[in-house]
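Just so it is clear, none of the values below were taken in a lab; they were calculated from the coordinates. Computed from a prediction, not measured in an experiment: that's the story for all the values here. Please note: Cβ atoms are built from the backbone with ideal geometry, for glycine as well, and neighbour counts cover all protein chains shown.
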Amino acid sequence: MMAARFLRRSLPVLRQARCYADAPSGSAQMSFTFASPTQVYFKEASVKQVDVPTLTGAFGILPAHVPTLQVLRPGVVTVFNDDGSATKFFVSSGSITVNADSSVQLLAEEAFPLDQLDVAAAKANLEKAQSEMVSASDEAARAEVQINIDANEAIVKALE
Amino acid sequence: MVAYWRQAGLSYIRFSAICASAVRAALKPQFKVEALKVAESSVKVYVPKAVACKC
């Protein structure tokens, strides 16, 4: 009789008590892979944070980020290494995947360190594209020139 | 929220190609040569002429 009452009262405690929020399990590490078709910049490296420019806006990715798939626009990717230093790259486009295990894959169509880009060339291309806009015939041609303008503007902005 | 290029009928592949060529065009000369070499297509399309089948 006593034993039954004891068991009934203590059963919830004996069963593992569930909390509202579970503490994050595992180490706070993210495995970061960043590559373009010709060059691998990071391969399953451990970094603290990555800032990426996506079509829906720029955001920073820390370990234990919510899983997401995003598509990139021309812009600067900043990688914050474990030792505190930051490296910047310019990516033209591509995709970024954040998995549930905190691994991040950033696959770029073209990616270069900022010091490989020439701001004067980008400004000249931007002016040329802006003048092409006037002579664009239909909506598709206008959109293509606008993409060129946006990409060059992003390069100029990144280098200034 | 549809992107302007999507509305004009362009695909993301085309967007990506234009962005990539814009970035390649803005490289410093010593890196540009390498990038252009890599970027040119390595696929050759061969369309055989229609031949009457001997069967």
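Cα-based radius of gyration for region B:1-54, normalised by 2.2 N^0.38 Å, reads 1.80. Quotient of the Cα radius of gyration of region A:16-160 and 2.2 N^0.38 Å, N being its number of residues: 1.27. Free of any trypsin sites (Lys or Arg not before Pro) that DSSP assigns to a loop and that have at most 16 other C-beta atoms within 10 Å, the longest stretch within chain B is B:1-43. Note on chain B: helix-only mean residue ellipticity at 222 nm, from DSSP H runs of 4+ residues weighted -39500 (n - 2.57) and normalised by residue number, equals -15500 deg cm²/dmol.
Ratio of Rg to Rh for region A:30-116: 0.92 [Cα atoms; Kirkwood radius as inverse mean 1/r over pairs]. Per-residue shielding of B:28-36, expressed as the average number of other chain Cβ atoms within 10 Å of the residue Cβ, stands at 3.
If you wrap region A:92-160's Cα atoms in a convex hull and average its projection over all directions, what's the area in nm²?
Directional mean of the projected Cα hull area for region A:92-160 stands at 6.1 nm².
Mean per-residue shielding of peptide A:133-146 is 3, counting Cβ atoms of other chains within 10 Å of each Cβ. Mean projected area of the convex hull spanned by the Cα atoms of region A:119-159, taken over all viewing directions: 2.4 nm². In this structure, the residue pairs whose Cα-Cα separation is over 18 Å, taken from A:LYS48/A:LYS88; A:LYS43/A:LYS88; A:LYS43/B:LYS37; A:LYS128/B:LYS37; A:LYS88/A:LYS157; A:LYS123/A:LYS157, are A:LYS43/B:LYS37; A:LYS128/B:LYS37.
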